[in-house]
Structures are given as C-alpha cells and as structure tokens.
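The values are calculated or read from the model by the stated rules, or taken from the named source; none is laboratory data. On a predicted model such as this, the values are computed, not experimentally measured, just so you know. Counting neighbours? That spans all protein chains shown, and the Cβs are built from the backbone with ideal geometry, glycine included. Accessible surface areas use protein heavy atoms only, side chains included; no ligands, DNA or RNA. Shrake-Rupley method; radii C 1.70, N 1.55, O 1.52, S 1.80 Å.
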Amino acid sequence: MHYLPSDLAKLLNVTTNTIRRYEASGFFESKRDSSNYRYYEDFDLNKAAMIGLYKKCGFSHTEINDMIENDNDEITKIYVNRFDELEKEMERLKRIKHWLKDNIELMNTIDKLRDSYTTMDCPQLKYMLYRKGDEILKDKKYLEKLKYFLYDIPEIQHITIFKKADLERGKIVRYSGWAMREIEMKKFNAEEFIQNESEFIETYKKQKCLYGTLEISSDDVYDESKAGEKLLTYYNKAKKYAMENNFVFGDNMTETIVSPLGNVTTYLMCIPIIENIWNLLTFWQKWFIIIK
C-alpha cells in the first residue's frame, strides 16, 4: 500500500510539515513512484505512529535516532533511562502538588486569621541566616552550605526572626534566612547534612505560639520606616491580646512571607507564648477570697 504525504498526515492527525520533519530527522525515508511523487509504505506508517508515541512520552530526537536501526538491548536501555527520568519528574511534581496544597490551606487560614489570632504549636525549624541586622553574611564556606538550603530543599521557606529584646525596646532588627521544617528532614534526605553541618545551622524549637497576620502595601513594603512601624504596631497589639488571655511572650518573633507578589504583601507572624502564672495566681486568690 502506498501513502502520499497528505495521506500519512491525515491518518496520523499531524501536518505534512511534521511528516517532512520526521523524514529530515532520518526517522524514515520516502520513495518515488514512476511519476516522481513521494510516497510511503505500511511500515513507514507504523514507524511514524510509533515515533509520535515516543514524542508524547518525552523521548528526545536524539533518543529516537539512537533507537533507529539499533538492537533491542540498546532500545531497552533507552526505555529504562526515560522511565527513571519520569520517576524523578513524578516525584518532583508530587512535591509541587503537596506544596501547592499546603499553600492553598495556608492562604485559607490567612483569610480566617485576618484581624484575629490563634494559638497552636509551631513546627520545629532548622534554618540558616544570610542576614544579621545590617550585616550580610559573606563567609565563602558558610555560603556554600547555605546553597544546600536554597537549592536542594524543595519546600524551603523564607524566615525573618525579630529578637524579643529588640522588640521590647521598640527596635526592628532583622535576622533573615532560609528554613525547613524538621519533620521534612527525612523526606528530603537532609538528616546527614543537618548533622554534619550543625555548626552552621540553628534551631527554632517547637513551642506554643500565637499566630496572626500582618499586611503591608506594596508601596510601604520598601519603606523600612513604615514597614517597621507597622510591625511594631502588630507586636504591641498581639502583646495586649496575649496578656488579656493570660499569656506572655516567651521568645523571639518570626515572620514568614505568604504572598509577596500582590498589591499587598502578607506575612504570617508567630510569637512563642507561655501561660502568665502570676495572672492565674491572682485569679485564684480573688476566687478564694470570694468563696471564703
């Protein structure tokens, strides 16, 4: 059976240009009839259909060419290589899917938290800083280790730490870096790195925290004075809320960027809290007096 280029294109649901590209790539070769018209045979149709499938499966032109006129052992090796690539890609897409799911849940939580607070345990974090106040860390050995956090941990998050002592004095001093949740160390085979490089890595321990949100307009986010003023206002309001609910701030506050690309930048704020024992004692003393 002879097939004209247009016949082959229609049967394969491609353009004649695609057929020409296949031929130019050396995938198969047309023949000429007595009138010098190009035509293809049944096996060319089968070959072109299989090449189309290879393309859908992500095989490169080079890989397809390597399969042409090669033995089955070599073709199997190319199949196995593509299979391994797909396994890695599927794992990468799976991580992206989980990341998106987590962030959708986070965005929904942010909507509920707006102008309010909630208390819950924060996850333990492992982090490396790149900035301490006005100092940018430049040690070459340290920066090499920092690259691991930035490029090898898929679910890295940016974190800024504000020390309680600074905030209590009304000062905004940023300690910024990259963090990963400790529960993900095994997931990303990071335990050995964390253990071997412990001198470079700091820990933000799991503890009960007060969570809230801070929103700063895209105009003000670049103005350190305005952004700092809003942050201190948030801190003082959160402190008042904590005291009204028999809590005091226990440690440093953290700031995580949730959405930096909109007209408003949203931050998730986390402040460790502990029960205010003196308030509780005062409460029970008053209750005891009333009963007495």
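A few comments on the model shown:
- Per residue, the Cα convex hull of the chain amounts to 243 Å³.
- FRET efficiency for Val248 and Lys94, using Cβ-Cβ distance with R0 set to 41 Å, rounded to 0.05: 0.45
- Remark: the range 106-260 carries a charge dipole of roughly 320 debye about the Cα centre, counting +1 on each Lys and Arg Cβ and -1 on each Asp and Glu Cβ.
- Amide hydrogen neighbours beyond the local backbone of Lys187, cut-off 5 Å, H modeled: none
- Label zone (Ile75, point 7 Å along Cα-to-C-beta; backbone nitrogen cut-off 18 Å) within the range 1-40: 26-29.
- Considering helices alone, the calculated mean residue ellipticity of the chain at 222 nm is -15000 deg cm²/dmol, with DSSP H runs of length four and up weighted by -39500 (n - 2.57) and normalised per residue.
- A full extension of the chain between Ile257 and Lys237 corresponds to an added length of 5.2 nm, given 0.36 nm per residue minus the alpha carbon distance.
- Here the dipole of the range 1-137 is about 540 debye; that uses its Cα centre as origin and unit charges on the Cβ of Lys and Arg (positive) and Asp and Glu (negative).
- Largest-first principal axis extents of the Cα set of the range 202-267 (Å): 36, 28, 17
- What the Cβ-Cβ distance of Ile194 and Asp223 gives, at R0 = 30 Å and to the nearest 0.05, is a FRET efficiency of 0.25.
- Rg over Rh for the range 1-135 works out to 1.32, both radii taken from alpha-carbon positions and Rh defined as the Kirkwood radius.
- Accessible area (Å², 1.4 Å probe, nearest 10) - Arg21: 140
- Applying 0.36 nm per residue to the separation of Glu87 and Tyr39 and subtracting their alpha-carbon distance, the gain on full extension is 13.3 nm.
- Cβ crowding within 10 Å averaged over residues, with 217-228, 132-143 ranked highest first: 217-228, 132-143
- Net lengthening on full extension, Ile104/Ile183 (0.36 nm per residue, minus Cα-Cα): 26.5 nm
- Dipole magnitude (debye, nearest 20) for the chain, charges at Cβ of Lys, Arg, Asp, Glu: 1320
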